[in-house]
Amino acid sequence: MSDKHLLIDIFPSPHPLWSTILEKPPEGVRYLIRRGLSGRAYLAFSSLIGDRKLIHFCNGIKLAPRRRWVADMESVKVLFKDYRSMFNNDARNDAQNRIETGECRYILPLTEAAKKTLTRFLRLKGFQVRVLYPTFYTNLKPKHEGPRDLILFIGGSYFDKSFEAKGGREVSIAWMNIHRDFKNYKFFMLSTPPPSLAEKLRGMGVEIGPMPREKLLTELYPRARVILLPSMMDTVGYSVIEAMNFGIPPIVSDHFAMPELVGDAGIILRTPTGLWLNDGTPNISFHQQLDNGPFSELSERIADALHRLLSDDGEWVKLSERALARMNNPPFHISYRNKVLHEVYEDASSENA
């Protein structure tokens, strides 16, 4: 099939993690965006007539009888209603039937950790499974060239406990304990802490609240020295990938794919609990365990790691260079991602496949 005629129906996800697929698609690929009610109507009609065009589902699978498709996903959870249902035989059979509907050509987990969850809960014999790592792209230009004097913590709200699950309490305590030693640094917490904690942090000069994405990419990342995400829930933690593209060393947890993504370009901390277990199954007791926090041992590890990266310029430069090198080479660079994606599309679209 000629590159000029590689048309792909895509059902995109609004999360920035998938935005690069549309912002910087593989050369020679033209996406036909399907979403919302019109997208569902199109899918139903095209399945009836047996359209042979390939579909790319972002982070999940829609039922597509008689259609050929590929799908990426951050974990097997996207095929289930909730975590408990993953241990229900009927729900697992429904998930299995979903991947067997239509013509599945490739399943593309975003990480090896995600792949482990798929193989743990689904029968994948006979399916092509290929890890396709997330990447980063922006055409926005940085508006700051100067000292790296910011510290970032991004994401989470106390309304749904995601602030706590991302390590927000422990990050706050760590900064309270060491901020007097680093008065030349400004802390940005782009999240929603509990009101009483937010009041304390603002009293210390911490900037709290949402930030327009354009400002994050053009003003904050270029000024940031460190990004913190000691998350006990994230499967990817895309802000860390974004930050590493700006040469920002991350301080992250050992949860799920964090070590796999960060490698030797940051500091990885052991956490006392996590949403996912090492065997690729969810931790059903996670939120009850989270209620036992904040965890003092994690706060201490965060404070030590922060102190190390804020006071040791040599260590910071080493990790910053590693972060840039990691994101600008396979498997994380966008040119490599596009090369692999193009190969997948061509193979999956072939009449001989």
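Quick grid of which residues meet (1) closer than 21 Å to residue 148 by Cβ; (2) touching a residue at least 60 places away in the same chain (Cβ under 8 Å):
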site	(1), (2)
234	no, yes
245	yes, yes
255	no, no
259	no, no
265	yes, yes
302	yes, yes
309	yes, yes
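The rows are residues; the columns are (1) in a loop (DSSP other than H, G, I, E, B); (2) more than 17 Å from residue 57 (Cβ to Cβ); (3) within 23 Å of the chain's Cα centre (by Cα).
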residue	(1), (2), (3)
105	no, no, no
108	no, no, yes
119	no, yes, yes
125	yes, yes, no
131	yes, no, yes
144	yes, yes, no
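Let's see how each residue does on (1) out of contact with any strand residue (DSSP E or B) (no Cβ under 9 Å at 6 or more places or on another chain); (2) crowded, with 16+ Cβ neighbours inside 10 Å:
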residue	(1), (2)
7	no, no
12	no, yes
27	yes, no
54	no, yes
58	no, yes
67	no, yes
77	no, yes
81	yes, no
Looking at the range 61-95, which of its residues are closer than 18 Å to residue 132 by Cα and either among the hydroxyl-bearing types (Ser, Thr, Tyr) or touching a residue at least 24 places away in the same chain (Cβ under 8 Å) (or both)? 61, 69, 70, 71, 72, 73, 74, 75, 76, 77
Scanning the range 28-52 for residues that are closer than 26 Å to residue 76 by Cα and either in contact (Cβ under 8 Å) with a residue 60 or more places away in the chain or touching a helix residue (DSSP H, G or I) at 6+ places or on another chain (Cβ under 6 Å) (or both) gives 34
Is one or more of the residues making up the range 107-130 under 25 Å from residue 14 (Cβ atoms) and of a type in the set (Phe, Trp, Tyr)? no
Going residue by residue through the range 75-93, is there one that turns out to be within 24 Å of residue 344 (Cβ to Cβ), in contact with an Asp or Glu (Cβ under 9 Å, 6 or more places away or on another chain) and not assigned by TED's automatic domain parsing to the domain that holds residue 277? yes
Hey, residue 214 hits all of (1) crowded, with 19+ Cβ neighbours inside 10 Å; (2) part of a helix (DSSP H, G or I); (3) of a type outside the set (A, V, I, L, M) but one; which does it fall short on? (1)
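Residues checked against (1) under 22 Å from residue 307 (Cα atoms); (2) among the hydrophobic types (A, V, I, L, M, F, W, C); (3) surrounded by fewer than 17 Cβ atoms within 10 Å (Cβ to Cβ):
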site	(1), (2), (3)
188	yes, yes, no
200	yes, no, yes
207	yes, no, yes
210	no, no, yes
228	yes, yes, no
Looking at the range 192-214, I want the residues that are within 16 Å of residue 182 (Cα to Cα) and have a partner that is of a type in the set (Phe, Trp, Tyr) with Cβ atoms under 6 Å, at least 6 apart or on another chain. Which pairs are those? 206/187; 207/188
For the range 230-254, give me each residue that is surrounded by fewer than 24 Cβ atoms within 10 Å (Cβ to Cβ), over 18 Å from residue 162 (Cβ atoms) and not acidic (Asp, Glu). 241, 245, 246, 247
At pLDDT 95 or above, in the same structural domain as residue 74 (by TED's automatic domain parsing) and buried (at least 20 other Cβ atoms within 10 Å of the Cβ), is that true of residue 166? no
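Consider residue 203 carefully, then state whether it is within 17 Å of the chain's Cα centre (by Cα) and among the small types (Gly, Ala, Ser). So that I can check it myself, show each step before the final result.
On the way: within 17 Å of the chain's Cα centre (by Cα): no; among the small types (Gly, Ala, Ser): yes.
So residue 203 does not fit the description; no.
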Residue set 239, 191; condition among the small types (Gly, Ala, Ser) and part of a strand (DSSP E or B); output residue 191
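The values are calculated or read from the model by the stated rules, or taken from the named source; none is laboratory data. For clarity, every value in this text was computed on a predicted model and none was experimentally measured. Cβ: placed from backbone, ideal geometry, glycine included. Neighbour counts: every protein chain shown.
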